[in-house]
Amino acid sequence: MSDVDKHRLKPIDQTRRKLLGGLGSLAGLSALRPAALLAASDDGTGAGTAGRAASAKDEPQQAVDVDFRLSAEPDTTPILPGTPSEVWRYKAALITGPQDTLTPVGKGFVGPLIRLRRGQRVRARLENRLSEDTTVHWHGLHVPPDVDGQPRLPIKPGESMTVAFDVDDRAGLYWYHPHPHGPDGGRVGFQSYAGLAGPLVIEDETERALDLPDGEQEMVLVLQDRSFAGDNELTYLGGAGSMMTRMRGFLGDRVLVNGRPPETREVGTRPHRLRILNGSNSRIYKLAWSDDRPVTVLGTDGGLLAAPEKYPYVTLAPAQRIDLWVDLSAAGIGDQLTLVSDHYRAGTMAGGSNLPAGARFDLVTLRMARRERGVQQLPKVLDNRPTTPSVSPDTPTRTFELTMKMMRGFAINGRQFEGATVADDEIVRLGDTEIWEFVNTSMMPHPMHVHGLQFAVVDREQIGGSRYWNGLNAGLVDTGRHDTVLALPGERVRIALTFTDFEGFYLYHCHNMEHEDNGMMRYYRVRA
Ligand code: C2O
Ligand code: CU
Ligand code: CU
């Protein structure tokens, strides 16, 4: 599809319509309230069919390759043994499109895996069956501003919004999650924590030609941490120390993989592909193998690397994705290999959770259950297309200093979120390539995310001292394409980005969700 067509296409049909009557609003943030959530979920009757009929009537019947409904709704689901937990979760239904477009992710609350192909035109009807505003943000996707799920376009409780876009990104693991931000601050942390997040895979020809492990040999793993109260209720930011929790970000007492406690999976003795999303609010994972073998990386946020790379471990900050290859063909039946998050030193900022930042824990254990022979080799070349926009000494640089505002959270160049307004130095030109440098002079790591595009990491440099957050540097994967880059305390990280195709407002922010919700987020504007 040409650029001209792209601009001419109406990117959004903001049909809103009542799905439900008014829902009571959730009281209190510290626990998800079972009664309120249950009441809300029981009220969903009829919304599906009534909504769909209406949609067929008044939405323009533009040809699309994939059409689905995605609703955000309260539910009850087992997480730990015993009482099921109240969650908010995404549920989806395919209207048209390939049968493998929507598949469940394990048995937990994680949103369904949405599998798209480059070149498809997609329409999604987003339904809010929650008691508060929400949005659906397609994290990492190059889509027009109005379908990007930004806080300036909330979907009200009981209403829906239909968005359409062309899949224009390289094969990779992306994801979707809410992005609401009201006068009292952001609700990204709360809503994601309640269970609203899911993985999205894009496939393309370049990737298909590689014949990478698929089917049972391809695992999508969503890493999140949670805390539970007495009856398995999820708790968030509760009690004493919540100011500190907001400053350093929420850390749960235990880690969940695909919405369940870590487990052992029986596998065959063949190569496997592990596609991992850090969907946690603030936790940084240090991914390593229990037998100390190197970690083989195939890809990052925005797709495949030029060639596989080996690291002693991989540092995965919130919102980042990593694509791993592990060859189990030399293992014997009954052998086990565990993917762990290894120890690092977060110092005084480690947090008071039972699982502080930098603690070591297991994520998934692979147990060789079947001898399987295959000839699958690790490809020597993955994706030859350039990842770095061409930068020269003349490429303009914008500097963003990441600082702490005493007791008011963190700021970007001294500013905090002010809705869809931009300062003069937050306006970029359509088609331009720039270098953005994030200078972290605070004592917390900040995973910096830019909406609407993938960028390249140009370099990083330690310009200030930091006594903490040590033991993560050797695992920073800076090659490839990214939408989120970790700036450790004392670091200056430079990225190169090009603003193509779409004019309008996009966000950039720290993806530590408590930082972002407390103001470490701004809009930037692309202007022709
Ligand atoms: Cu994961 Cu502003 O997004
Ligand atoms: Cu995003
Ligand atoms: Cu931050």
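The values are calculated or read from the model by the stated rules, or taken from the named source; none is laboratory data. Everything numeric here is computed off the predicted structure, so don't read it as measured data. A quick note on method: Cβ atoms are made from the backbone with ideal geometry, for glycine too, and the neighbour counts reach across all protein chains shown. Heads up: the accessible areas ignore ligands, DNA and RNA and are worked out on the full protein's heavy atoms, side chains in. Shrake-Rupley method; radii C 1.70, N 1.55, O 1.52, S 1.80 Å.
Put 527, 408, 129 in order of accessible area, largest first, 1.4 Å probe: what do you get?
Putting 527, 408, 129 in descending order of accessible area: 408, 527, 129.
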- line: Given the candidates 409, 393, 431, the one whose Cα lies deepest towards the positive end of the charge dipole of segment 384-491, counting +1 at each Lys or Arg C-beta and -1 at each Asp or Glu C-beta, is 409
- line: Given 266-276, 380-390, the highest-first ranking by average Cβ count within 10 Å works out to 266-276, 380-390
- request: Would you work out what percent of the accessible area of segment 293-376, with all protein chains in place, is carbon or sulfur (probe 1.4 Å)?
  value: 50 percent
- prompt: So what is the calculated 222 nm ellipticity per residue for the chain, using -39500 (n - 2.57) for each DSSP H run with n of 4 or more, over all residues, to the nearest 500 deg cm²/dmol?
  reply: -2500 deg cm²/dmol
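I need the semi-axes of the equivalent ellipsoid of the chain: take the C-alpha gyration tensor, multiply each eigenvalue by 5, square-root it, list largest first in whole angstrom.
30, 28, 27
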- request: With a point put 7 Å past each Cα toward its Cβ, work out how far residue 205 is from residue 397 in nm, to one decimal.
  value: 3.9 nm
field: Accessible surface, per residue, of segment 77-143 when the full set of protein chains is kept, probe 1.4 Å, Å²
entry: 31 Å²
field: In nm, spacing of pseudo-spin labels at residue 427 and residue 232 (7 Å Cα→C-beta vector)
entry: 5.5 nm
statement: Extend 7 Å from the Cα of residue 369 along its Cα-to-C-beta direction; within segment 331-349, residues with backbone N under 12 Å of that point are 334
statement: Once 405, 156, 310, 286 are ranked on solvent-accessible area with the largest value leading and a 1.4 Å probe, the list reads 310, 156, 405, 286
query: Taking only C-alpha pairs under 8 Å that are 6+ residues apart, what is the relative contact order of the chain in percent?
result: 14 percent
